[in-house]
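To start, the structure itself, in structure tokens.
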Amino acid sequence: SQKIEQNSEALNIQEGKTATLTCNYTNYSPAYLQWYRQDPGRGPVFLLLIRENEKEKRKERLKVTFDTTLKQSLFHITASQPADSATYLCALVTGNQFYFGTGTSLTVIP
Amino acid sequence: EPEVTQTPSHQVTQMGQEVILRCVPISNHLYFYWYRQILGQKVEFLVSFYNNEISEKSEIFDDQFSVERPDGSNFTLKIRSTKLEDSAMYFCASRGLAEETQYFGPGTRLLVL
């Protein structure tokens, strides 16, 4: 069966450190993968997209890697800030369908 | 900045009643989506809509669900006979033709009693 797993439901880190979130998938062949941020009671907000033929993408303090052999994407937030505290979702895209992972709740401790 | 809007923000209904959730996508977008998120669970794809017809739908999107674009701006999700398990946050999203990301609305929280 198809599955998307994100690392440990909750992740706590100290301000200033790098947060690394993991997205593993099985039985998908995504054309691309996206990362979203979701705050409580709000809709997901797009952060970054990476295509299957790309290894790495960066945007400001964010970095995403995509390994289609391992079927894994890593999402890094460098120099983390308390304002980065939120739930982060990965989404695999095939055709016109978006499949979301369960999300990782990140708390950045001042 | 253009954004997706949804109404109502909250809806309470009795089991068996019909509900219509409304969305106004970003004006020049051509792809429209509905998702649901049961409290504490993941965002689940329901349906995508393009060129006035459903392009893809999930197993969740059974005969009790329907979508419509009644005019040039609104995109609606109708649940014909609500069940307790339909209680969730429903998100609408839209995407432009040349874009690979979608923009989500703030959601409608549906509670079925």
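Run down B:Glu100, B:Glu56 and say which single residue is part of a strand (DSSP E or B), without any contact (Cβ under 8 Å) to a residue 12 or more places away in the chain and either of a type outside the set (S, T, N, Q) or open to solvent by 10 Å² or more (accessible area, probe 1.4 Å) (or both).
Answer to the selection: B:Glu56.
Residue by residue, here is whether (1) within 14 Å of chain B (Cβ to nearest Cβ); (2) without any contact (Cβ under 8 Å) to a residue 40 or more places away in the chain; (3) within 14 Å of A:Phe100 (Cα to Cα); (4) not in a loop (DSSP other than H, G, I, E, B) holds:
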{"residue": "A:Asn12", "(1), (2), (3), (4)": "no, no, no, yes"}
{"residue": "A:Leu21", "(1), (2), (3), (4)": "no, no, no, yes"}
{"residue": "A:Asn24", "(1), (2), (3), (4)": "no, no, yes, yes"}
{"residue": "A:Phe46", "(1), (2), (3), (4)": "yes, yes, yes, yes"}
{"residue": "A:Lys57", "(1), (2), (3), (4)": "yes, yes, no, yes"}
{"residue": "A:Val64", "(1), (2), (3), (4)": "yes, yes, no, yes"}
{"residue": "A:Ser73", "(1), (2), (3), (4)": "no, no, yes, yes"}
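When the residues of the stretch A:1-28 are narrowed to those that are more than 17 Å from the chain's Cα centre (by Cα) and under 26 Å from A:Asn53 (Cβ atoms), which ends up modelled with the highest pLDDT?
A:Asn27
Out of the residues in the stretch A:87-110 that are more than 14 Å from every other protein chain (Cβ to nearest Cβ) and of a type in the set (A, V, I, L, M, F, W, C), state the one that is nearest to the chain's Cα centre (by Cα).
A:Leu106
What is the number of the single condition among (1) open to solvent by less than 20 Å² (accessible area, probe 1.4 Å); (2) in a strand (DSSP E or B) that A:Pro30 does not meet?
(2)
Residues being open to solvent by 70 Å² or more (accessible area, probe 1.4 Å) and at pLDDT 95 or above: count how many of those fall in the stretch A:62-86.
Looking only at that region, the number is 1.
This table checks each residue for (1) without any contact (Cβ under 8 Å) to a residue 40 or more places away in the chain; (2) open to solvent by 30 Å² or more (accessible area, probe 1.4 Å); (3) in contact with a Ser or Thr (Cβ under 8 Å, 6 or more places away or on another chain).
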| site | (1), (2), (3) |
| --- | --- |
| B:Glu3 | no, yes, no |
| B:Gln6 | no, no, yes |
| B:Ser9 | no, yes, yes |
| B:Met15 | no, yes, yes |
| B:Glu18 | no, yes, yes |
| B:Arg22 | no, yes, yes |
| B:Glu44 | yes, yes, yes |
| B:Val67 | yes, no, yes |
| B:Leu77 | no, no, yes |
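Any idea which of A:Tyr36, A:Tyr25, A:Tyr99 is closer than 30 Å to B:Thr7 by Cβ and open to solvent by less than 20 Å² (accessible area, probe 1.4 Å)?
A:Tyr36
Taking the criterion of being within 14 Å of chain A (Cβ to nearest Cβ) and of a type in the set (Ser, Thr, Tyr), would at least one residue in the stretch B:62-69 satisfy it?
So far as the stretch B:62-69 goes, no, none of its residues is within 14 Å of chain A (Cβ to nearest Cβ) and of a type in the set (Ser, Thr, Tyr).
The values are calculated or read from the model by the stated rules, or taken from the named source; none is laboratory data. Predicted model only: the values in this text are computed from it and were never measured. Every residue, glycine among them, receives a Cβ derived from its backbone with ideal geometry; neighbour counts consider all protein chains shown. We work out accessible area using only protein heavy atoms, side chains counted, and drop any ligands, DNA or RNA first. Shrake-Rupley method; radii C 1.70, N 1.55, O 1.52, S 1.80 Å.
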